[in-house]
Amino acid sequence: MTITYVRGPKDLSNGEYDRFYAPRIEAAWKRGDSFVVGDCQGTDYMAQRQLAELNAGARQSLKENSAGALVIVFHCGKSPKWSVNRRGKCRHETRGGHWFEFTKKFAMWSAADIIIDWHRCTGEGHCDLHL
């Protein structure tokens with residue numbers, strides 16, 4: 001099983017997400033990858049939302065990947081802040097207790113086989129980093 005870490009900027013626009021992230025995440029989801037993602041606005045939140053929609057659609061249509069992908073949201077402190085639905089619950093499995101941002105990021109990076117990331121400053125569209 002491949003574990004894909006999705007990371008990126010907090011100030012990502014919907015257009016940037018749709019162009020540089022959504023197709024890569026959907027392709028990884030169709031391959032049957034599992035995902036780790038952080039608990040933050042921007043890329044993290046958009047990826048969580050997309051994965052929840054893909055999993056919900058799979059359960060409704062009972063296709064091959066009917067159980068959906070495993071998505072684990074890593075967060076600092078006792079509970080996620082950005083990863084909650086209207087009932088105050090996270091849509092995905094969570095891993096918390098990280099008191100520092102760098103320990104949370106290290107845990108996600110350590111768990112991953114592939115990273116989906118994009119950087120505005122390079123002018124590059126996207127990169128999949130194979131660890």
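The values are calculated or read from the model by the stated rules, or taken from the named source; none is laboratory data. In this text the structure is predicted, and so the values were computed from the model without any measurement. Please note: Cβ atoms are built from the backbone with ideal geometry, for glycine as well, and neighbour counts cover all protein chains shown.
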Selection from the range 1-42 of residues part of a helix (DSSP H, G or I), in contact (Cβ under 8 Å) with a residue 40 or more places away in the chain and not hydrophobic (A, V, I, L, M, F, W, C) yields E16, R19, R24
Scanning the range 55-72 residue by residue, those at pLDDT 60 or above and farther than 18 Å from T2 by Cβ turn out to be A56, G57, R59, Q60
Against the definition (of a type outside the set (G, A, S), modelled with pLDDT under 80, out of contact with any helix residue (DSSP H, G or I) (no Cβ under 9 Å at 6 or more places or on another chain) and surrounded by 13 or more Cβ atoms within 10 Å (Cβ to Cβ)), how does C127 come out, yes or no?
yes
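Can you tell me which residue within the range 28-54, out of those that are of a type in the set (D, E, K, R) and buried (at least 17 other Cβ atoms within 10 Å of the Cβ), is farthest from the chain's Cα centre (by Cα)?
Quick first cut of the range 28-54, residues of a type in the set (D, E, K, R) only: 30-31, 33, 39, 44, 49, 53.
Now drop any that are not buried (at least 17 other Cβ atoms within 10 Å of the Cβ), which leaves 33, 39, 44.
Values: D33: 11, D39: 9, D44: 6 Å.
Selected residue: D33.
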- Message: Any residue that is modelled with pLDDT under 90, within 13 Å of the chain's Cα centre (by Cα), small (G, A, S) and surrounded by 13 or more Cβ atoms within 10 Å (Cβ to Cβ) - is there at least one of those in the range 6-27?
- Response: no
